[in-house]
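Peer 1: One structure follows; several queries about it will come next.
The values are calculated or read from the model by the stated rules, or taken from the named source; none is laboratory data. Because the structure is a prediction, the values reported are computed rather than measured. Counting neighbours? That spans all protein chains shown, and the Cβs are built from the backbone with ideal geometry, glycine included. What goes into the accessible areas is simple: the full protein's heavy atoms, side chains included, and nothing from ligands, DNA or RNA. Shrake-Rupley method; radii C 1.70, N 1.55, O 1.52, S 1.80 Å.
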Amino acid sequence: EGLLASDGPGESCVAFPTWLGATPTLELVERLLLEHRVLVAPGEFFRPVKGMAMRIGFGGNDAKLLEGLRRLSVGLRAIG
């Protein structure tokens with residue numbers, strides 16, 4: 001929906017997408033947790049690249065992963 005840009009996780013279970021929205025990334029990560037119960041790590045904590053929003057790890061059982069991705073999608077659209 002034009003809010004994230006990413007090359008995907010590649011051969012790992014981790015992705016570092018670029019945030020294309022207007023909300024500052026640290027605020028985005030905090031709001032995702034508080035408002036949508038989605039915990040992602042701020043990208044600044046890993047390999048700082050301008051615009052990188054967060055570190056997303058993919059794992060766990062299918063139902064929990066799908067629910068987490070759904071909440072992430074809803075949260076990103078709401079915060080946009």
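Peer 1: Return a yes/no flag: does region 73-80 have any residue that is surrounded by fewer than 17 Cβ atoms within 10 Å (Cβ to Cβ), under 23 Å from Glu11 (Cβ atoms), modelled with pLDDT under 90 and not β-branched (Val, Ile, Thr).
Peer 2: No, region 73-80 contains no residue that is surrounded by fewer than 17 Cβ atoms within 10 Å (Cβ to Cβ), under 23 Å from Glu11 (Cβ atoms), modelled with pLDDT under 90 and not β-branched (Val, Ile, Thr).
Peer 1: Of everything in region 7-27 that's of a type in the set (S, T, N, Q) and surrounded by 14 or more Cβ atoms within 10 Å (Cβ to Cβ), which residue is farthest from Phe45 (Cα to Cα)?
Peer 2: This residue is Thr23.
Peer 1: Looking only at residues in region 28-52 that are aliphatic (A, V, I, L, M), surrounded by fewer than 16 Cβ atoms within 10 Å (Cβ to Cβ) and not in a loop (DSSP other than H, G, I, E, B), which one is modelled with the lowest pLDDT?
Peer 2: Residue satisfying both the conditions and the ranking: Ala41.
Peer 1: Let me ask you something else. Any chance you could count how many residues in region 1-27 are outside any loop (DSSP other than H, G, I, E, B) and either free of Cβ contacts under 8 Å to residues at least 40 places away in the same chain or β-branched (Val, Ile, Thr) (or both)?
Peer 2: The number of residues fulfilling the criteria is 7.
Peer 1: Open to solvent by less than 80 Å² (accessible area, probe 1.4 Å), in contact (Cβ under 8 Å) with a residue 40 or more places away in the chain, assigned to a helix (DSSP H, G or I) and not aromatic (Phe, Trp, Tyr), is that true of Leu69?
Peer 2: no
Peer 1: Report whether or not Gly60 is outside any helix (DSSP H, G or I), without any contact (Cβ under 8 Å) to a residue 24 or more places away in the chain and open to solvent by 50 Å² or more (accessible area, probe 1.4 Å).
Peer 2: For Gly60, the condition - outside any helix (DSSP H, G or I), without any contact (Cβ under 8 Å) to a residue 24 or more places away in the chain and open to solvent by 50 Å² or more (accessible area, probe 1.4 Å) - is met.
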